[in-house]
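The values are calculated or read from the model by the stated rules, or taken from the named source; none is laboratory data. As the structure is a prediction and not an experimental result, all values here were calculated from the model. Methodologically, a virtual Cβ is constructed for each residue, glycine included, from the backbone with ideal geometry; neighbour enumeration extends over all protein chains shown. Just the protein is used for accessible areas: all its heavy atoms, side chains included, with ligands, DNA and RNA removed. Shrake-Rupley method; radii C 1.70, N 1.55, O 1.52, S 1.80 Å.
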Amino acid sequence: ETGVTQTPRHLVMGMTNKKSLKCEQHLGHNAMYWYKQSAKKPLELMFVYSLEERVENNSVPSRFSPECPNSSHLFLHLHTLQPEDSALYLCASSFGLVDEQFFGPGTRLTVL
Amino acid sequence: AQKVTQAQTEISVVEKEDVTLDCVYETRDTTYYLFWYKQPPSGELVFLIRRNSFDEQNEISGRYSWNFQKSTSSFNFTITASQVVDSAVYFCALRVGANSKLTFGKGITLSVRP
């Protein structure tokens, strides 16, 4: 595997479910990011991790819980989501916080 | 506050036409970075270019070229002799100083017809 991978690519869940999104980067980067992309809206930065420490949390509801166990892996744990949380969730990584970010293919999430 | 405006929402051209995608940015910082990303139907954003505020040289990479004009706060992207594979959503983004946050525009959907 090369680049940034995300699993699953598609996810349908009910509002009471608990699920997790996984991101893995094979680029030797030290920073990882979660973005939300909703229809007709700009990409929204959700979380930033640098060297496994969270450095930014952009007022994201607590029903989204990130986890970064090491510099290669990033998770987004989901619980009691709302239909308006349906979106494409993109993971990205960069060597440092000021370097260009490389994105994964995203997870298309649908909340019923 | 930072802002990126991509006024064009959808552009449709016929193959081999040239097309320019506009990007206007706003920031009060003197050190900033501008980016273009391509998002094909597969979903992942593909990094195309980064330009810092101290380098106003235009850049050409194959059929792609970028025109950075600080006087008009614009960073426009031109595709020469467009191809069907260029069909995608194109995003312009801005990062300020040492802040890691990218501010994205809303994107431009480019359709290239055969």
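Scanning the stretch B:29-39 for residues that are closer than 12 Å to B:ARG95 by Cα, open to solvent by 10 Å² or more (accessible area, probe 1.4 Å) and either free of Cβ contacts under 8 Å to residues at least 24 places away in the same chain or in a strand (DSSP E or B) (or both) yields B:THR30, B:TYR32, B:TYR33. Every test in (1) within 11 Å of chain B (Cβ to nearest Cβ); (2) over 21 Å from B:PRO41 (Cα atoms); (3) in contact with a Gly (Cβ under 7 Å, 6 or more places away or on another chain); (4) open to solvent by 10 Å² or more (accessible area, probe 1.4 Å) is passed by A:LEU27 save one, and that test is (1). Scanning the stretch B:23-69 for residues that are within 14 Å of another protein chain (Cβ to nearest Cβ), closer than 15 Å to B:ILE79 by Cα and among the basic types (Lys, Arg) turns up just one, B:LYS38. A:GLU56 meets each of the listed conditions (1) within 25 Å of B:THR109 (Cβ to Cβ); (2) open to solvent by less than 70 Å² (accessible area, probe 1.4 Å); (3) of a type in the set (D, E, K, R) apart from (1).
Just one of (1) modelled with pLDDT of 95 or more; (2) of a type in the set (A, V, I, L, M); (3) at negative phi trips up B:ALA81, so point out which. Tallying (1) modelled with pLDDT of 95 or more; (2) of a type in the set (A, V, I, L, M); (3) at negative phi, B:ALA81 fails exactly one: (3). Report yes if A:GLU44 is more than 21 Å from B:GLY107 (Cα to Cα) and either without any contact (Cβ under 8 Å) to a residue 40 or more places away in the chain or within 13 Å of chain B (Cβ to nearest Cβ) (or both), otherwise no. Against the criterion (more than 21 Å from B:GLY107 (Cα to Cα) and either without any contact (Cβ under 8 Å) to a residue 40 or more places away in the chain or within 13 Å of chain B (Cβ to nearest Cβ) (or both)), A:GLU44 does not qualify.
Take the conditions (1) farther than 30 Å from A:LEU51 by Cβ; (2) part of a loop (DSSP other than H, G, I, E, B); (3) in contact (Cβ under 8 Å) with a residue 40 or more places away in the chain; B:LEU110 misses just one of them, which is (2).
When the residues of the stretch A:73-112 are narrowed to those that are more than 21 Å from A:VAL55 (Cβ to Cβ) and among the hydroxyl-bearing types (Ser, Thr, Tyr), which ends up nearest to the other protein chains (Cβ to nearest Cβ)? Once the filter is applied, the top-ranked residue is A:THR107. Taken together, A:LEU76, A:LEU97 contain a single residue that is closer than 19 Å to B:LEU102 by Cα and open to solvent by less than 70 Å² (accessible area, probe 1.4 Å), which is A:LEU97.
The lone criterion from (1) under 30 Å from A:ARG108 (Cα atoms); (2) open to solvent by 40 Å² or more (accessible area, probe 1.4 Å); (3) not in a strand (DSSP E or B) left unmet by B:SER100 is number (2).
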